[in-house]
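The next block holds one structure in the form of structure tokens; read it before the comments.
The values are calculated or read from the model by the stated rules, or taken from the named source; none is laboratory data. No experiment lies behind these values; they were computed from the predicted model shown. Don't worry about glycine lacking a Cβ; one is built from the backbone with ideal geometry, like all the others, and counts go over all protein chains shown.
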Amino acid sequence: MPLSYGEGTLAEHRACRANAVAFDVSHLGTVRVHGRGALARLQAAFTNDLMKITPGRAQYTHLLNDADASVLDDIIVWWIADDIFDVMPNASNTHDVLSAIGGDDVTASRAIIAVQGPEARSRLATIGPDAAAIGRFRVGTAAVAGITCTVAGTGYTGEDGVEVAVPAAEAGIVWDALVAAGVVPAGLGARDTLRLEAALPLHGHELGSGITPLQAGLGWVVAWDKDGGFYGRDALVSERERGVARQLRGLTVEGRRPPRADQVVMVNDAPVGVVTSGNFSPMLEHGIALAFLPPALAVGTEVIIDGRGTQTPARVVATPFIPRP
Amino acid sequence: MQIPEDLRYSTDHEWIRIEGTRARVGITDYAQDALGDVVFVDLPDVGTAVTGGASISEVESTKSVSDIYAPMSGTISEVNTDLGDAPERLNEDPYGEGWIFVIDFTDASQLNSLLSATAYRDLVEG
């Protein structure tokens, strides 16, 4: 996926908020886990509880480091059929996930196209009406431009939409048909500014080594009491009892200057936290950031972001930065 | 890629338009394309004395931050305040409305170290 196509990141971002865009996210991993014991293996490893859903649905979940409850990866599981699961890790974490749960790495066999935006379904409907009807966090098989695809009502933009897994050899047909249907190609730049406005975590920034789901504000991903537990449960229970030392929060600045990852957050001239992601918000037209801060810093607290010798006033705000559709 | 013949260029991908004893400065078409969508320009203050080659400003895009250098020594006599609300002018019109600042230069001999359009084209198309 390029950083952007012809019109640039800002135009692609706005197209996703107002119309529909397509991202080639084939770089994500797909690990297929199937057969007897597949469900039990996933249940024993991941934090969320697949018993909350059924075949034909998708679930967001975490794989934790067993020793310290760091998030090794955040994952979407597509429950394809009774004993078939497509587990979708971040590309660079596919190996960690494979070693934890086994299964087959089928990443190379398919492309994945994310179709996102308020008009994603209406445009997709012109070339795949059944695909466009697959609901939020549902998974099913449907034709798109005559090609049989696996379609899930998932995404990473804060907009409605679907992700389409298409056999690799046919990916070009589906992509071209989407573009012909008025879906705007969008790149990695817009993918990052969109997920930031929606306050969705990016592994390596808001999740990763030393960061637990509780610190990232994702306690809802943890099914504490499910049968069989999950990797990292003991360490995470300890942290829950102690209370988290830091919490992921949103920051806004008044001007357009983008805060950047690794800039230090100050209160009364003392460092209290660090920015994990920051950029210009194309919809709000000012800078926004996610940062780890002491839990006691309430929404509305004024802070300073210290970056490259410039001190920028900022304020702790509730997330997401833009309303959910 | 546009590289107007009547401008001088720096190896830092800035263009310089000589207007008597003043030098109007912006970033090149090549630079704006490499930066991507510009969302913020940190303008220097009018009246600041600058040294040729020193970093005096920053341009931020959705993907990165880049330094802007003074191509010649002198005093900043004008800045493009319109960029405060419309930094995208660096992308849309890099050699026109996307100009960033004007230097009243003190040492005309520094002009000799700037590149011609031909030399700059060789640099970026190498």
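Of the conditions (1) of a type outside the set (Gly, Ala, Ser); (2) over 23 Å from A:Thr310 (Cα atoms); (3) surrounded by fewer than 20 Cβ atoms within 10 Å (Cβ to Cβ), B:Ile103 clears all except one; give me its number.
Of everything listed in (1) of a type outside the set (Gly, Ala, Ser); (2) over 23 Å from A:Thr310 (Cα atoms); (3) surrounded by fewer than 20 Cβ atoms within 10 Å (Cβ to Cβ), B:Ile103 misses just condition (3).
Rundown of residues vs (1) among the aliphatic types (A, V, I, L, M); (2) on the phi < 0 side of the Ramachandran plot, yes/no style:
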site: A:Val21; (1), (2): yes, yes
site: A:Arg36; (1), (2): no, yes
site: A:Gln43; (1), (2): no, yes
site: A:Ala69; (1), (2): yes, no
site: A:Asp74; (1), (2): no, yes
site: A:Ile80; (1), (2): yes, yes
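Would you confirm whether any residue within the stretch A:224-239 is under 18 Å from A:Pro118 (Cα atoms) and assigned to a loop (DSSP other than H, G, I, E, B)?
No, the stretch A:224-239 contains no residue that is under 18 Å from A:Pro118 (Cα atoms) and assigned to a loop (DSSP other than H, G, I, E, B).
If I ask for residues that are more than 11 Å from the chain's Cα centre (by Cα), over 23 Å from A:Ile288 (Cβ atoms) and within 14 Å of chain A (Cβ to nearest Cβ), which ones from the stretch B:57-88 would you list?
Those that are more than 11 Å from the chain's Cα centre (by Cα), over 23 Å from A:Ile288 (Cβ atoms) and within 14 Å of chain A (Cβ to nearest Cβ): B:Thr81, B:Asp82.
Restricted to the stretch A:151-181, and to residues that are β-branched (Val, Ile, Thr) and crowded, with 19+ Cβ neighbours inside 10 Å, which residue is farthest from A:Asn19 (Cα to Cα)?
Here the answer is A:Val166.
Given (1) closer than 21 Å to A:Ala40 by Cα; (2) free of Cβ contacts under 8 Å to residues at least 40 places away in the same chain; (3) touching a helix residue (DSSP H, G or I) at 6+ places or on another chain (Cβ under 9 Å), identify the lone condition not met by A:Gly128.
(1)
Of everything in the stretch B:34-57 that's polar (S, T, N, Q) and in a loop (DSSP other than H, G, I, E, B), which residue is farthest from B:Gly84 (Cα to Cα)?
By that ranking, first place goes to B:Thr51.
Just one of the numbered conditions (1) more than 12 Å from chain B (Cβ to nearest Cβ); (2) touching a residue at least 12 places away in the same chain (Cβ under 8 Å) is not true of A:Ala296; which one?
Failed condition: (2).
Please verify whether the stretch A:49-72 includes one or more residues that are without any contact (Cβ under 8 Å) to a residue 24 or more places away in the chain and either surrounded by 15 or more Cβ atoms within 10 Å (Cβ to Cβ) or small (Gly, Ala, Ser) (or both).
The answer is no, given that none of the residues of the stretch A:49-72 is without any contact (Cβ under 8 Å) to a residue 24 or more places away in the chain and either surrounded by 15 or more Cβ atoms within 10 Å (Cβ to Cβ) or small (Gly, Ala, Ser) (or both).
Just to be sure I understand, how many residues within the stretch A:265-316 are outside any loop (DSSP other than H, G, I, E, B) and under 23 Å from A:Arg195 (Cβ atoms)?
Result for the stretch A:265-316: 25.
Quick check on the stretch A:253-268: of everything there that is under 13 Å from A:Val303 (Cα atoms) and among the hydrophobic types (A, V, I, L, M, F, W, C), which residue is farthest from the other protein chains (Cβ to nearest Cβ)?
That would be A:Val267.
Checking A:Ser122 against (1) outside any loop (DSSP other than H, G, I, E, B); (2) over 30 Å from A:Ala40 (Cβ atoms); (3) of a type in the set (S, T, N, Q); (4) touching a strand residue (DSSP E or B) at 6+ places or on another chain (Cβ under 8 Å), which single condition isn't satisfied?
Single failed check for A:Ser122: (4).
Can you find a residue that is more than 29 Å from A:Asn279 (Cα to Cα) and modelled with pLDDT of 95 or more anywhere in the stretch B:25-40?
no
Are any of the residues in the stretch A:269-279 more than 18 Å from A:Arg246 (Cα to Cα) and either facing another protein chain (nearest Cβ under 10 Å) or surrounded by fewer than 23 Cβ atoms within 10 Å (Cβ to Cβ) (or both)?
yes
Pairs, please: C-beta under 8 Å, at least 6 apart or cross-chain, first residue more than 13 Å from A:Leu63 (Cα to Cα) and in the stretch A:210-222, second of a type in the set (S, T, N, Q)?
From residues that are more than 13 Å from A:Leu63 (Cα to Cα), the pairs are A:Gly210/A:Ser70; A:Gln215/A:Gln247; A:Gly217/A:Gln247.
Can you confirm whether the stretch A:31-48 contains a residue that is within 25 Å of A:Gly189 (Cα to Cα) and within 18 Å of the chain's Cα centre (by Cα)?
Looking for residues that are within 25 Å of A:Gly189 (Cα to Cα) and within 18 Å of the chain's Cα centre (by Cα), one finds none in the stretch A:31-48, hence no.
If you go through the stretch A:296-309, how many residues are surrounded by 15 or more Cβ atoms within 10 Å (Cβ to Cβ), of a type outside the set (D, E, K, R) and at pLDDT 95 or above?
5
Out of all the residues in the stretch A:245-260, which are touching a Ser or Thr at 6+ places or on another chain (Cβ under 8 Å), buried (at least 18 other Cβ atoms within 10 Å of the Cβ) and part of a loop (DSSP other than H, G, I, E, B)?
A:Arg257, A:Pro258, A:Pro259
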